[in-house]
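> Sharing a structure here in C-alpha cells format.
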Amino acid sequence: RGGHVGSNEEIVPLVERLQEAVRKQIDILGNIRVWIQMRIPKIEDGNNFGVQVQQDTLAEVSRMEDSAFSVLEASYKYFASRGKLASKVLKYPRLSDYRKSLIEYDNKEGVNLRVCCLELRNNYMISRDVISKNIEKIRQPRGQDHGASA
C-alpha cells in the first residue's frame, strides 16, 4: 500500500489563474455596482425610466457577481470531491475503475475551467455592452434638468 495520488499538475495552475482572474472581476463588478448605486436619485413621482435602467443594470451586475462567486465555490468543491475520489484510489489500489474515474473527473474539470473562462470573458463583454449603451441614463437617470453630477 502506501501509494500516492498527487494533484493534477495541469489543472492546479489553471484553477489558480482562474481564481485570480475571478477575484479581480468580483472587485471590478463590486466597484461598478457601488458606482451605480451612488447615482440612484431619491424616489420621486414620474420620470423614473432612467432609474429603472440603473436598477436593471444593477441586476445584471449582481447576476455576474453571483456567477463569479459560483466559480470560486466550484473550485473548492472540485478539490474536495477529488480528494475523496483519490482516497478511494488509495484504499482500493487494485480497482482500476476508481483510477479511471479520477482521470475522467480531472478531464471534466478541464472542460469546466474552459467554460468558466468563457463565462468570465462574457461577463466583461456584457457589462461593457450594458453600461456603454446606457451610460447617459446611469450617470443622469432623470436627465440634465435635475442637476445630477457626472
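> What does the convex hull of the Cα atoms come to per residue for the chain, in Å³?
114 Å³
> Next question. Out of Leu14, Gly30, Ile126, whose Cα points farthest toward the positive end of the dipole of the chain (charges: +1 Lys, Arg; -1 Asp, Glu; placed on Cβ)?
Leu14
> Which value, in Å², gives the accessible area per residue of region 17-150 when a 1.4 Å probe is used on the protein heavy atoms?
66 Å²
> With θ taken as phi - 60° and the coefficients 6.51, -1.76 and 1.60, list the Karplus ³J(HN,Hα) couplings across region 86-96 in order, rounded to whole Hz; mark glycine and proline as x.
Residue by residue, region 86-96 yields 5, 5, 5, 4, 6, 6, 10, x, 8, 8, 5 Hz.
> Do the sum for the chain: with -39,500 (n - 2.57) for every DSSP H run of n ≥ 4, divided by all residues, what is the mean residue ellipticity at 222 nm, to the nearest 500 deg cm²/dmol?
Calculated at 222 nm, the ellipticity per residue is -28500 deg cm²/dmol.
> Given a 1.4 angstrom probe, I'd like the percentage of the accessible area of the chain that is carbon and sulfur, rounded to a whole number.
53 percent
> Would you work out the relative contact order for region 1-71, in percent, from Cα pairs under 8 angstrom that are 6 or more residues apart? Write out the running numbers ahead of the final one.
Details: 26 pairs, mean separation 32.3, N = 71.
46 percent.
> Using the Kirkwood radius built from alpha carbon pairs, what does the Stokes-Einstein equation give as D for region 3-92 at 25 °C and 0.890 mPa s, in µm² per second?
151 µm²/s
> Which trypsin sites (Lys or Arg not before Pro) from region 28-96 combine a DSSP loop assignment with at most 15 other Cβ atoms within 10 Å?
Filter output for region 28-96: Lys42, Arg94.
> Once you treat every alpha carbon in region 73-150 as an equal point and sum by Debye, what is log10 I(q)/I(0) at q = 0.15, 0.18, 0.20 Å⁻¹?
Treating every Cα as an identical point scatterer, log10 I(q)/I(0) equals -0.68, -0.81, -0.89.
> Over the chain, calculate the relative contact order: mean separation of alpha carbon pairs under 8 Å at least 6 apart, over the residue count, as a percent.
38 percent
The values are calculated or read from the model by the stated rules, or taken from the named source; none is laboratory data. All figures in this text were calculated on a predicted structure; none of them were measured in a lab. FYI the Cβ positions are ideal-geometry reconstructions off the backbone, even for glycines, and counts take in every protein chain you see. SASA here: full protein model, heavy atoms, side chains in, ligands and nucleic acids out. Shrake-Rupley method; radii C 1.70, N 1.55, O 1.52, S 1.80 Å.
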